[in-house]
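Beneath this line is the structure, given in structure tokens, with notes to follow.
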Amino acid sequence: MKSMKRRLLSLFMAMVMVCSLVPVALAAGESVTINDVSNAKAGEEITISANVTGFDSTASLTYAWSASGCGLTNATGSDTTFKVTPTAAGTLTVNLSVTPAGGTAVNATAKSITVAAADTPISLGTISGNTKITYGGTTGNTTTLSVTVNGTGADASKVSWSASPNSSAVTLGNPSHSGTTSSVVVTAGQVTSETKVTITAKYDNDANKTATTEVTVTPAAPQYTISLSPVTASVEVNKPLALTVQKSVNAPADATVAFEPTAGVTANNGSYTFTSATAGTYKIKALLKQGS
């Protein structure tokens, strides 16, 4: 009887010893992985998530996030996802530790996230080109105006051109585009006095993305004519030769007649004569002058 009790006791102790070697939880199944993030840009908030598996579904988990780089010194978070806003381009390093209640922390492998430079807003540079053109009576001379589009995704083909006010004073050609530069040919229209026209370049029909310049259109200077007769003549020494001068109808009333050379020419109330005391061949030119 005593021998049987001893055997039973030994068996019970062996069972206790065996049971004590079985672990309470299999921690090897717990895993934490930080997910990839694409298209991260400086100045824009990004949300980082993680793949957390193998933990007891009833266990309360504590998240400890941290990030550094790209303008961040030591950003931290404790939610299931991590929101940060990098302020500079570069590489953002993110770490995560997940701890179950009463358990051991599980650390994820650090994740490196590439952060691109922030987008540059679209804007138009200063319009360049000659801003003074002249209407020549039947045709107008031209100037080419150009503007450069700046910013991320700049597309010069989205630039449109317009003229106002006095838009009839100019004609705009079809725009041309090369890279980020848009150009337009401006032709002077018929004007009778100096006229100013505002030329506007607009990007993607956005009133906040425009550039302007002022073009001045002037009429061509009027052309006056003068004629002198006779064209050829023979005259004796010391005998006056009558000269006839004819001014064009559009000549200013205060326009005066001058001669080159002046020697030998005499004016008398709009009549002119040439006299020479020396034989020879002379060329006389009549000029129409206004003012001094």
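The values are calculated or read from the model by the stated rules, or taken from the named source; none is laboratory data. Here the structure is a predicted model, which is why all the values come from computation and not from measurement. Cβ: placed from backbone, ideal geometry, glycine included. Neighbour counts: every protein chain shown. The protein model used for the area step is the full one, side chains on, heavy atoms only, and it has no ligands, DNA or RNA in it. Shrake-Rupley method; radii C 1.70, N 1.55, O 1.52, S 1.80 Å.
Remarks
- Derived scalar couplings between HN and Hα for the stretch 164-176 equal 6, x, 6, 5, 6, 6, 9, 10, 9, x, 6, x, 10 Hz in order, rounded to whole Hz, by the Karplus curve 6.51 cos²θ - 1.76 cosθ + 1.60 (θ = phi - 60°), x for Gly and Pro.
- Computed over the stretch 77-135, the Cα gyration tensor eigenvalues convert (square root of 5λ each) into semi-axes of 55, 11, 5 Å, ordered from largest to smallest.
- Stokes-Einstein translational diffusion, the stretch 189-292 - Kirkwood Rh over all Cα pairs, 1.567 mPa s, 4 °C, in µm²/s: 71 µm²/s
- Within the accessible area of the stretch 236-292, the carbon and sulfur atoms contribute 51%, probe 1.4 Å, all protein chains present.
- For the stretch 137-146, 3J(HN,Hα) computed residue by residue from phi via the Karplus equation (6.51, -1.76, 1.60; θ = phi - 60°) reads x, 10, 9, x, 7, 10, 9, 10, 9, 9 Hz, glycine and proline entered as x.
- With 0.36 nm allotted per residue and the present C-alpha distance subtracted, the THR152-VAL237 stretch has 22.0 nm of extension available.
- The chain pair-distance distribution - Cα-Cα, 10 Å bins, rounded %: 5, 15, 10, 9, 10, 10, 8, 6, 5, 5, 5, 4, 2, 1, 1, 1, 1, 0
- Helix 2-19 axis, angle to the chain major axis (alpha carbon atoms, nearest 10°): 0 degrees
- Remark: the chain carries 63 Å² of accessible area per residue (probe radius 1.4 Å; ligands, DNA and RNA excluded).
- Stokes-Einstein, applied to the Kirkwood radius of the stretch 161-201 over Cα pairs at a viscosity of 1.567 mPa s and 4 °C, places its translational diffusion at 117 µm² s⁻¹.
- For LYS209, net neighbour charge (Lys/Arg +1, Asp/Glu -1) across residues whose Cβ lies under 13 Å away: -1
- Stokes-Einstein D in µm²/s, Kirkwood radius over Cα pairs - the stretch 23-119 at 20 °C with 1.002 mPa s viscosity: 152 µm²/s
- The string of couplings for the stretch 231-245 from the Karplus curve (6.51, -1.76, 1.60, θ = phi - 60°) is 6, 9, 7, 10, 8, 7, 4, 6, 9, x, 10, 6, 10, 10, 10 Hz, one whole number per residue in order, with x for Gly and Pro.
- Where SER66, SER162 fall by accessible area, highest first, once all protein chains stay in place (1.4 Å): SER162, SER66
- A simple count of charges around VAL32, restricted to other residues whose Cβ falls under 15 Å of its Cβ and scoring Lys, Arg +1 and Asp, Glu -1, yields -3.
- Which of SER38, ASN130, GLY54, positive extreme of dipole for the chain (C-beta unit charges): GLY54
- Proportion of all alpha-carbon pairs of the stretch 119-249 beyond 20 Å (%): 56 percent
- Volume in Å³ per residue [convex hull over Cα atoms, computed for the stretch 109-160]: 85 Å³
- Gaussian network model of the chain, Cα within-10 Å springs - most flexible of THR281, THR58, THR131: THR281
- Volume of the convex hull of the stretch 64-164 (Cα atoms only), normalised per residue: 145 Å³.
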